[in-house]
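Contents: one structure, followed by commentary.
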C-alpha cells in the first residue's frame, strides 16, 4: 500500500519494508530524497492557537502554491514542512464538516511538544515564519512557541524570513537578526525564495516516517525494540514520524507507557497511516 505514495514535485519517495520473523509485524520505512541540487526544504512556522484547521490549511496551501509559481519554469523547487501534527485541537474543535478524518491525522502524543518542530527545522534548508495570521476572532495572538522555531533556526544556521505586520505583538529584538523581514506573507515568501540559492544545503536524503504494523502480530517484543531504535535515530537524522498500526487502536493493551510516548500516531489501519505519510511528504 505504501508503494503507491508516488513522488512529489521536489522529492523522490522510496519505501523499504521488512518483516519481523518473531512476530510477523511489518516495518515500512519511507525515505524522501531531493530530485535535484536545486530542490530545497523550507519549514513554515505559524500560529495554531485559536485558528480553525480549515483556515490554517488554506494558508499552508497559499505558501505551497506561491513557491510553485515563483519557481515555475526553473530548476528550483521548494518542499514545505509544516507544524500541523503538533496541533492541540480536539476532534470537536476540528469539526467533522471542516476536515474529514482530521482526528486521525493529527498527533496528540509526544509531538504535542516541541520535538516535531525541531525535527522539521533540522531537516530544512531555511525557515519561513508567518505571524501574518489572525485568530478566528480577528486578533493577533502572542506565540510563545514560534520563538523556539527561529531560535533553533538561528543556532543551526538556517536563514529565516519572517512575515510580521506593524503592531503585531510578537515583534521582538530577536527578529532584528532574521535574514529577511516583511509585513506580508506573500513578500516573505518572495524574499526567502531569492535567498535559497545562496543557502547551505541540509541532508539530501532523510527518513520521513517509520510505520510499524502490528496487525496480526504475535510476540512483538523484537519489533517494539526496533521501534525504540527508530525513536533514538530520529534525533540524529533530522527527524522522522513514527506511526504504529494496531487494529484495536488506543484501546489495545499495548497502548500504554512507552508506546504512547514513542509513537507519534497510533492508528487502526494501514490506509490511515498512508494518509498521514502522504500529508508529511506533500509538496
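The values are calculated or read from the model by the stated rules, or taken from the named source; none is laboratory data. Quantities reported herein were computed from a predicted structural model and do not represent experimental measurements. Cβ: placed from backbone, ideal geometry, glycine included. Neighbour counts: every protein chain shown.
Evaluation of residue 187 against the conditions (1) touching a helix residue (DSSP H, G or I) at 6+ places or on another chain (Cβ under 9 Å); (2) surrounded by fewer than 17 Cβ atoms within 10 Å (Cβ to Cβ); (3) farther than 27 Å from residue 278 by Cβ shows that the sole unmet condition is (1).
Figure legend. Inter-residue proximity from the stretch 52-66: first residues within 19 Å of residue 281 (Cβ to Cβ), second residues at pLDDT 90 or above, beta-carbon distance below 6 Å, spacing 6+ or different chains. Indicated pairs: 63/44. Of the residues that sit in the stretch 192-214 and are more than 19 Å from the chain's Cα centre (by Cα) and surrounded by fewer than 19 Cβ atoms within 10 Å (Cβ to Cβ), which one is modelled with the lowest pLDDT? The selected residue is 200.
Looking only at the stretch 13-46, which residues are assigned to a strand (DSSP E or B) and over 17 Å from the mean Cα position of the chain (by Cα)? Let's see the steps before the verdict.
Filtering the stretch 13-46 for residues assigned to a strand (DSSP E or B) gives 13-19, 26-34, 39-45.
Correct list: 14, 15, 16, 17, 18, 19, 26, 27, 28, 39.
Going by the conditions given, is residue 165 at pLDDT 95 or above and either exposed (fewer than 13 other Cβ atoms within 10 Å of the Cβ) or assigned to a loop (DSSP other than H, G, I, E, B) (or both)? Yes, satisfied.
So, in the stretch 231-250, of the ones that are surrounded by fewer than 19 Cβ atoms within 10 Å (Cβ to Cβ) and within 19 Å of the chain's Cα centre (by Cα), which residue ends up modelled with the highest pLDDT? Working first, answer last.
Our first condition is that a residue be surrounded by fewer than 19 Cβ atoms within 10 Å (Cβ to Cβ); within the stretch 231-250, this holds for 231-233, 235-237, 247-250.
Remaining after also requiring within 19 Å of the chain's Cα centre (by Cα): 231-233, 235-237.
Details: 231: 82, 232: 79, 233: 79, 235: 66, 236: 66, 237: 63.
For the stretch 231-250, the residue satisfying everything is 231.
For the stretch 15-37, residues that are modelled with pLDDT of 90 or more and surrounded by fewer than 16 Cβ atoms within 10 Å (Cβ to Cβ) total 4. When 143, 107, 124 are screened for being crowded, with 17+ Cβ neighbours inside 10 Å, at pLDDT 75 or above, under 24 Å from residue 263 (Cβ atoms) and outside the structural domain of residue 10 (by TED's automatic domain parsing), only 124 passes.
Condition first: within 17 Å of residue 195 (Cα to Cα) and surrounded by 13 or more Cβ atoms within 10 Å (Cβ to Cβ). Now tell me which residues in the stretch 42-75 satisfy that.
Filtering the stretch 42-75 down to residues within 17 Å of residue 195 (Cα to Cα) leaves 42-44, 63-64, 66-72, 74-75.
Once the filter is applied, which keeps residues that are within 17 Å of residue 195 (Cα to Cα) and surrounded by 13 or more Cβ atoms within 10 Å (Cβ to Cβ), the stretch 42-75 yields 42, 43, 44, 63, 64, 66, 67, 68, 70, 71.
If you go through the stretch 253-283 and keep only what is closer than 19 Å to residue 218 by Cα, at pLDDT below 80, surrounded by fewer than 17 Cβ atoms within 10 Å (Cβ to Cβ) and in contact with a strand residue (DSSP E or B) (Cβ under 8 Å, 6 or more places away or on another chain), you end up with just 255. Within the stretch 121-132, one or more residues are in contact with a helix residue (DSSP H, G or I) (Cβ under 9 Å, 6 or more places away or on another chain), at negative phi and in a helix (DSSP H, G or I).
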